[in-house]
Structures are given as C-alpha cells and as structure tokens.
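Okay, structure first, notes after.
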Amino acid sequence: MPVVEERIACVHCDTVVAIGPLEPGQRASCPRCGNLLTACVEDGLSRVLALALASLMLLALANSFPFMALEAQGLEKVMTLPATARELYAQGYGVLAVLVLGVIVVIPAAMLAILVALTVSLLRGQAAPWLVPAGRLLYAMSPWSMVEVFVIGVIVSLVKIVHLAHVDLGIAFWSYTAFGICFIATLASLDRLSLWQEIEQCTS
C-alpha cells in the first residue's frame, strides 16, 4: 500500500511539510526553523481526557472558595473569582468584567468541555456532525484563553501588595494555580494533526 502523507504548515515560518505515518514516540519538526509540528503519543486521547477532567474539577474548586483575603488597617476584604467580576461591573467597568471573567473562567471552561466531548466521542468511535465544528471552535478560542497570564499577573501583584497589606491565600488561589498547570499540560498533550486525523477517521 502507498504511504499516506499529511501536509502541515509550520505555525512559525509557514513552511509546508509532508509528514508520513509516525510510530508512537516519534516526532516531526520543521526542517526550516525546528518547530515541533506533530508528535505521535500512545494513548494520547486518553491522556488529554484525563487532564481535561482534572482541569475542570480544579476550575470548579477555584470558583467555589475564597481566592484571597486582604487585611489592612483593620479592614478585611475577601475575594473570589466570580466576585471580582461583579465588583468590576458594580464600579462601572462592565466590559472589563466580562473580559476578565471570560478569559480566565468561561473560555477555558468551554475549551475543556469541548475537549471532553471530542475525546469521549473519538475514543468510542462515535461519528457526529458536530465533531469538525467543535474542533474548529476549540482552536479558534485558544488565543483568547489567558490562564497563565492571569496566574503570573496575580503573583506579580502579590509581590507589591504584600508590603501594603496582610494577604491570606485561599483554597481557590492554589486550586487555580494547579488548574493553570493542568490546563497548559492538557493543551500541550493535544496534538493538532493527530486530533484531525482521528476526526477524519471517525467521520469518514
């Protein structure tokens, strides 16, 4: 049988590369810039599903408990992720409130929900007309997810705030930090080419 090759464009330099079938553990890199194009991981979908479910549980915890408490001059303020958006909205920053809640909670949660639905359907071999639109929506939302930016921003802010007030980090802070790590690991374990190949096999 002839070897079936897939053509994929490098996201860094736009070089189109023909890639043949890969064995588990093998990787393909761009010959021009060395960027990783695709990797064949054994049980890759199962790993993505496990990480996505863990991320969803951590995100639920992060939205259910206090994020941090600030105390200064006898006044104490307890913050939660949903309350942060409500506070911004109450102060007249409605657009900012929607953006903050969207990029740190809503969009990551939607991406994880799509990933769970995709991986479960693909692992079961269930063809569905929504698989292709769901895959496109997943990658379209990816640039708008700023979980790691939020975590880094909070850590930098803590360095400045700790000199002005007493700060107690809540369960939600550690849960969201763990969620950020798990969320990044989920996306890093998801190989774009392998996912689309699985969708094509399932829908063909």
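Is there a residue being under 27 Å from Cys10 (Cβ atoms) and exposed (fewer than 15 other Cβ atoms within 10 Å of the Cβ) anywhere in segment 115-128? Spell out how you get there, then give the answer.
Just the residues of segment 115-128 that are under 27 Å from Cys10 (Cβ atoms), to begin with: 115, 118-119, 122.
Narrowing further to those that are exposed (fewer than 15 other Cβ atoms within 10 Å of the Cβ): none.
No; the residues of segment 115-128 include none that is under 27 Å from Cys10 (Cβ atoms) and exposed (fewer than 15 other Cβ atoms within 10 Å of the Cβ).
Checking the structure you have, find out if any residue of segment 161-173 is free of Cβ contacts under 8 Å to residues at least 40 places away in the same chain and in a helix (DSSP H, G or I). No: zero hits. For segment 138-160, a residue qualifies if it is of a type in the set (Gly, Ala, Ser), in a helix (DSSP H, G or I) and closer than 18 Å to Ala188 by Cβ, and exactly one does: Ser142.
Here Gly153 clears all of (1) farther than 23 Å from Ser46 by Cβ; (2) surrounded by fewer than 17 Cβ atoms within 10 Å (Cβ to Cβ); (3) in contact (Cβ under 8 Å) with a residue 60 or more places away in the chain except the condition numbered (3).
Could you tell me whether any residue of segment 100-113 is without any contact (Cβ under 8 Å) to a residue 24 or more places away in the chain and not hydrophobic (A, V, I, L, M, F, W, C)? Scanning segment 100-113 turns up no residue that is without any contact (Cβ under 8 Å) to a residue 24 or more places away in the chain and not hydrophobic (A, V, I, L, M, F, W, C). Within segment 30-48, one or more residues are within 13 Å of Ser189 (Cβ to Cβ), charged (D, E, K, R), part of a helix (DSSP H, G or I) and modelled with pLDDT of 75 or more.
The values are calculated or read from the model by the stated rules, or taken from the named source; none is laboratory data. The structure presented is a predicted model; accordingly, all values stated were derived computationally and were not measured. Counting neighbours? That spans all protein chains shown, and the Cβs are built from the backbone with ideal geometry, glycine included.
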